[in-house]
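Scroll down for the structure; my scribbles are underneath it.
The values are calculated or read from the model by the stated rules, or taken from the named source; none is laboratory data. Every value quoted in this text rests on a predicted model; they were computed, and no experiment measured them. Counting neighbours? That spans all protein chains shown, and the Cβs are built from the backbone with ideal geometry, glycine included. Accessible surface areas use protein heavy atoms only, side chains included; no ligands, DNA or RNA. Shrake-Rupley method; radii C 1.70, N 1.55, O 1.52, S 1.80 Å.
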Amino acid sequence: MPSDLAFDDPSSDVMLDPATGVRRSILPGGVRLLTQTDRSVRSAAIGLWLPVGSRDEAPEHAGSTHVLEHLMFKGTSRRSAMDIATAFDEVGGDSNAITAKEHTLYYGRVRSADVPMAVDVLTDMITGSLLEQDALATEREVILEELAMAEDDPNDVGYETFLADVLGPDTPIGRPVGGTAQSVNSLSIEDVRAHWAEHYRPDNLVITAVGDLDHDGLAELIRAGLRRGGWTLEDGRVPARRPRGVDLSTSAVPAVPDVTQIAPHRLSRTTEQNHIYLGGHGLTALSEDRHALSVLMSVLGGGMSSRLFQNIREQRGLAYSVYSFSGGYRDAGLFGMYAACRPGRTSQVVELLAAELARMGERGIDEEELSRAKGQITGSFALGLEDTSSRMGRLGTIELVHGTYTSVDETLEKIGRVGPDDVRDLAARLAGSFTTRVEVGPDY
């Protein structure tokens, strides 16, 4: 997908991948539509994406994106909350939404015959939600329960704390997606309405759909639905492009080569195990090394054959759950390792986690590990794309994050080109990037 301005000409209509039927066009108002027609199924997955997430909020309005997402399901001028829920239930479909740091997604999956209904309901929600005070009061309590549930889960609270510590708790991208109990309690309905008015508009909307559908027919349904909701779809309008600035979180905390010198951020909980998160700054979602990172993570802690699992669990019996993970955003990233063990084993486990990554950076990986990792990644990737919802999500990520279309075959080819030296060099970089250690568990 070219990234120049010509591609965002409102007359643009491009078959991005003739082999698989991926097509992209710009509708009136600057709405972007990407579809993949697949006549081998009898269903379709549809996603409505807004490139706004928790990082786009003002600090005093933290959590407003998530609150707004909840309120989208609470009724419009045409439908009650029960009508919205019933619309998908009565046809055996499903619908939900996701708020992330960099986007919000509303989606549905239905039989192909029910695509008109799904488009009508989803467009009605984002254009015509009432955003009433009573709904906010009720849903605020639901969200506070959601936040409390996360606080009760040592995995959730540990991971969120780790993200905040690595990315910077006072940076937009480091703040939790759902906000805090204090920020959610302080939100007014005027704050939520202002957030909707600023970001929910045609030139900000991306729609992706995969399944038994017709691109032109879907485009007409979308135009009708948005206009029915009162949106003005001006001819000639181009999509909004909002480049994100450099995030200072990547230099918020200096790296510490010796992980034993990192003071743990301890969260006291009444648990039998100590939940450990260890890591630091990683790669952005756009990094050229992201495929090497996938291989590295697979070898390090991506399954039962991984080094962490074999060393810490199978050979030493020090933990039941142990793995590695990474996360990438447009201008920031992180990597980490997790293990849960009895408190008395914490120091040993922390040293083993760091040592395994350091050893990979010094000695690299062998051909058997490389082949196994590539098989795991490519197989999981291919199997995931058997599902229309996964393919719908991939199209949204391509449009909002990468801006350049890459076919499945091209992606697999890039993974195939990763060599042992690529993994070793990246492991060495990460092994010198430790900044953060979070522990959730009993006092000891």
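The figures follow:
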quantity: Residue among Leu318, Leu308 that is of a type in the set (A, V, I, L, M, F, W, C) and part of a helix (DSSP H, G or I); calculated: Leu308
quantity: Contacts under 7 angstrom Cβ, first residue in region 337-355 being in contact (Cβ under 8 Å) with a residue 12 or more places away in the chain, partner surrounded by fewer than 19 Cβ atoms within 10 Å (Cβ to Cβ) and assigned to a helix (DSSP H, G or I), 6 or more apart; calculated: Glu351/Thr260; Leu352/Asn311
quantity: Helices (runs of 4 or more DSSP H) wholly inside region 91-194 containing at least 2 residues that are surrounded by fewer than 14 Cβ atoms within 10 Å (Cβ to Cβ) and under 22 Å from the mean Cα position of the chain (by Cα); calculated: 133-152
quantity: Condition check for Arg330: among the basic types (Lys, Arg), in contact (Cβ under 8 Å) with a residue 40 or more places away in the chain, assigned to a helix (DSSP H, G or I) and touching a Ser or Thr at 6+ places or on another chain (Cβ under 8 Å); calculated: no
quantity: Lone unmet requirement of (1) within 28 Å of the chain's Cα centre (by Cα); (2) of a type in the set (S, T, N, Q); (3) in a helix (DSSP H, G or I) for Thr346; calculated: (1)
quantity: Filter result for Thr20 (in contact with a helix residue (DSSP H, G or I) (Cβ under 7 Å, 6 or more places away or on another chain) and either within 20 Å of Pro202 (Cα to Cα) or among the polar types (S, T, N, Q) (or both)); calculated: no
quantity: Hits in region 202-223 (condition: small (Gly, Ala, Ser) and either without any contact (Cβ under 8 Å) to a residue 12 or more places away in the chain or in contact with a Leu (Cβ under 7 Å, 6 or more places away or on another chain) (or both)); calculated: Ala209, Gly217, Ala219
quantity: Some residue of region 168-185 being touching a Ser or Thr at 6+ places or on another chain (Cβ under 6 Å) and closer than 26 Å to Ala44 by Cβ; calculated: no
quantity: Qualifying residue in region 385-407 (condition: open to solvent by less than 70 Å² (accessible area, probe 1.4 Å), in contact (Cβ under 8 Å) with a residue 40 or more places away in the chain and more than 30 Å from Val31 (Cβ to Cβ)); calculated: no
quantity: Qualifying position, being within 14 Å of Leu430 (Cβ to Cβ) and modelled with pLDDT of 95 or more, among Leu233, Leu300; calculated: Leu300
quantity: Test: residue in region 356-365 that is assigned to a helix (DSSP H, G or I) and loosely packed, with under 14 Cβ neighbours inside 10 Å; calculated: yes
quantity: Flag if Ala373 is within 24 Å of the chain's Cα centre (by Cα), touching a residue at least 24 places away in the same chain (Cβ under 8 Å) and either buried (at least 21 other Cβ atoms within 10 Å of the Cβ) or within 19 Å of Thr284 (Cβ to Cβ) (or both); calculated: yes
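Yes or no, residue by residue, for (1) more than 30 Å from Gln36 (Cα to Cα); (2) at pLDDT 95 or above:
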site: Val322; (1), (2): yes, yes
site: Arg345; (1), (2): yes, yes
site: Ala373; (1), (2): no, yes
site: Gly379; (1), (2): no, no
site: Tyr405; (1), (2): no, no
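Rundown of residues vs (1) assigned to a loop (DSSP other than H, G, I, E, B); (2) within 30 Å of Leu147 (Cα to Cα), yes/no style:
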{"site": "Ala19", "(1), (2)": "yes, no"}
{"site": "Ser25", "(1), (2)": "no, no"}
{"site": "Thr35", "(1), (2)": "no, no"}
{"site": "Ser40", "(1), (2)": "yes, no"}
{"site": "Ala45", "(1), (2)": "no, yes"}
{"site": "Leu48", "(1), (2)": "no, yes"}
{"site": "Val67", "(1), (2)": "no, yes"}
{"site": "Phe73", "(1), (2)": "yes, yes"}
